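To keep things clear, I will list the structure first and then write my remarks on it.
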Amino acid sequence: MDNQKLILDRLTTILSETDNSNAAKLLNLVDEAGRIFIGGAGRSLLVSRFFAMRLVHSGYDVSMIGEVVTPAIKAGDLLILVSGSGGTETLLPFVKKAKSVGAKLAVVSMKAKSAMADVADLVIQIGNDNSFPLTSGMPMGSQFELSTLVFLEAAIADLIAAKGLTEVGMRAIHANLE
């Protein structure tokens with residue numbers, strides 16, 4: 001089978017099994033937040049960076065956790081974590097800190113129940129509990145990461161439409177020290 005077709009078919013299936021109403025719930029939390037902190041680990045971190053960048057382009061105050069210039073999280077802020085397992089050991093201290101100061105937590109995961117989900121204000125389960133079989137051609141989490149990327153990019157498209165943002169306006173915010 002053609003690997004491009006395999007990947008697109010798997011992503012289409014996973015996204016059809018995903019509750020799209022969670023995109024609006026996530027964007028509502030984003031709008032209510034004072035500041036937004038985003039993170040993940042491994043390839044999920046890379047996906048979280050895509051989302052963080054798009055939120056910055058949309059005019060939000062966004063920080064990536066773990067960066068030396070990231071300020072302290074506080075009540076009224078939002079922490080968004082991308083974690084396939086919902087239990088990534090290196091991310092759990094961030095969950096604890098965010099909750100201890102009164103920040104909200106949104107978790108994007110392939111699991112509806114997990115250490116992170118148990119304390120989250122919003123759990124966005126990508127697919128369902130049976131959406132991620134071992135698939136030759138999509139090793140080691142590719143199905144989750146790519147479907148999460150598409151889900152979050154579609155949420156940004158919803159945000160852009162709802163806010164009437166323009167390409168010109170977003171480009172004005174885009175990094176110019178590249």
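Have a look at Gly102, Gly137, Gly127 and point out the one that is at pLDDT 95 or above, over 23 Å from Phe37 (Cβ atoms) and part of a loop (DSSP other than H, G, I, E, B).
Values: Gly102 fails: over 23 Å from Phe37 (Cβ atoms); Gly137 fails: at pLDDT 95 or above.
Of the residues listed, the single one that is at pLDDT 95 or above, over 23 Å from Phe37 (Cβ atoms) and part of a loop (DSSP other than H, G, I, E, B) is Gly127.
Hey, can you tell me all the residues within the range 20-55 that are more than 17 Å from Ala154 (Cβ to Cβ), in contact (Cβ under 8 Å) with a residue 60 or more places away in the chain and buried (at least 17 other Cβ atoms within 10 Å of the Cβ)?
Ala33, Phe37, Arg43, Ser44, listed by residue number.
When only residues in the range 1-19 that are of a type in the set (S, T, N, Q) and at pLDDT 95 or above count, which is surrounded by the most Cβ atoms within 10 Å (Cβ to Cβ)? Even if it seems obvious, please write down each step before you answer.
The first filter runs over the range 1-19 and keeps only residues of a type in the set (S, T, N, Q), leaving 3-4, 12-13, 16, 18.
From the residues that got through so far, the ones that are at pLDDT 95 or above too are 12-13, 16, 18.
Working: Thr12: 12, Thr13: 14, Ser16: 10, Thr18: 21.
So the residue we want is Thr18.
Restricting attention to the range 56-86, which residues are surrounded by fewer than 20 Cβ atoms within 10 Å (Cβ to Cβ) and under 17 Å from Ser147 (Cβ atoms)?
Ser85
For Met138, work out the one condition from (1) aliphatic (A, V, I, L, M); (2) surrounded by 19 or more Cβ atoms within 10 Å (Cβ to Cβ); (3) within 15 Å of the chain's Cα centre (by Cα) it doesn't fulfil.
(3)
Among (1) at negative phi; (2) surrounded by fewer than 20 Cβ atoms within 10 Å (Cβ to Cβ); (3) assigned to a loop (DSSP other than H, G, I, E, B), which single condition is Glu153 missing?
(3) is the only condition that Glu153 fails.
Give the residues of the range 110-125 that are free of Cβ contacts under 8 Å to residues at least 60 places away in the same chain and closer than 18 Å to Ser16 by Cβ, sorted by residue number.
Listed by number, the residues that qualify are Met110, Ala112.
In the range 41-64, how many are assigned to a loop (DSSP other than H, G, I, E, B) and under 19 Å from Val123 (Cα atoms)?
Here the count works out to 1.
The values are calculated or read from the model by the stated rules, or taken from the named source; none is laboratory data. Treat the numbers as computed from the prediction; the structure is a model and nothing was measured. No Cβ is skipped: glycine too gets one built from the backbone with ideal geometry, and neighbour counts run over all protein chains shown.
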